[in-house]
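Below is one structure, written out as structure tokens, with a few remarks after it.
The values are calculated or read from the model by the stated rules, or taken from the named source; none is laboratory data. All values reported here derive from a predicted model rather than from experimental measurement. When we count neighbours, we look across all protein chains shown, and the Cβ atoms used for this are built from the backbone with ideal geometry, even at glycine.
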Amino acid sequence: MSAVAFFVKIWMSNYQELLARKRELDKNIEQLRRTESEAALATIKDLIATFGFTAQQVFPFQSDSVKKKVPAKYYDPATGNSWTGRGKMPKWLQGKDRSVYEIAAPQVSSWSTPEDENNPFPIQ
């Protein structure tokens, strides 16, 4: 056996040994991750039950992903079509006076509240 063949044989056996150890470690890591994640989830569930947290309190970032629907600004009573005023103007409104199709803004209550400079929570 030549010296090169000898070193290749030694290197390959060490390499195969290391790969086998890596597979074993990966398997152990996955088992431990699964065990610890189950324990963490059980702790979270206990805390939620103990303190009565809501989904909104636990996951407040979910509300950011939900887009709020914009109310329509323009309405065509003949067809029932509406447009928010955002994006490309629809064909049914092109070349027409938009003010004719504008939806009236909701009326704000006309009653007023007395202004108290000492009130830390003034009504706006």
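So LYS68 fits all but one of (1) under 30 Å from SER99 (Cα atoms); (2) modelled with pLDDT of 95 or more; what number is the exception?
Unmet condition: (2).
Of the conditions (1) in the same structural domain as TYR101 (by TED's automatic domain parsing); (2) small (Gly, Ala, Ser); (3) surrounded by 10 or more Cβ atoms within 10 Å (Cβ to Cβ), GLY80 satisfies every one except a single condition; which number is it?
For GLY80, the exception is condition (3).
Okay, residues lined up against (1) in a strand (DSSP E or B); (2) exposed (fewer than 10 other Cβ atoms within 10 Å of the Cβ); (3) β-branched (Val, Ile, Thr); (4) modelled with pLDDT of 90 or more:
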{"position": "LEU47", "(1), (2), (3), (4)": "no, no, no, yes"}
{"position": "GLY87", "(1), (2), (3), (4)": "no, yes, no, yes"}
{"position": "LYS91", "(1), (2), (3), (4)": "no, yes, no, yes"}
{"position": "PRO106", "(1), (2), (3), (4)": "no, yes, no, no"}
{"position": "SER109", "(1), (2), (3), (4)": "no, yes, no, no"}
{"position": "GLU115", "(1), (2), (3), (4)": "no, yes, no, no"}
{"position": "ASN119", "(1), (2), (3), (4)": "no, no, no, no"}
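Got a sec? Which of ALA55, ALA5, ALA20 is of a type outside the set (S, T, N, Q), over 30 Å from ILE103 (Cα atoms) and modelled with pLDDT of 90 or more?
Working: ALA55 fails: modelled with pLDDT of 90 or more; ALA5 fails: modelled with pLDDT of 90 or more.
When all the criteria are applied, what remains is ALA20.
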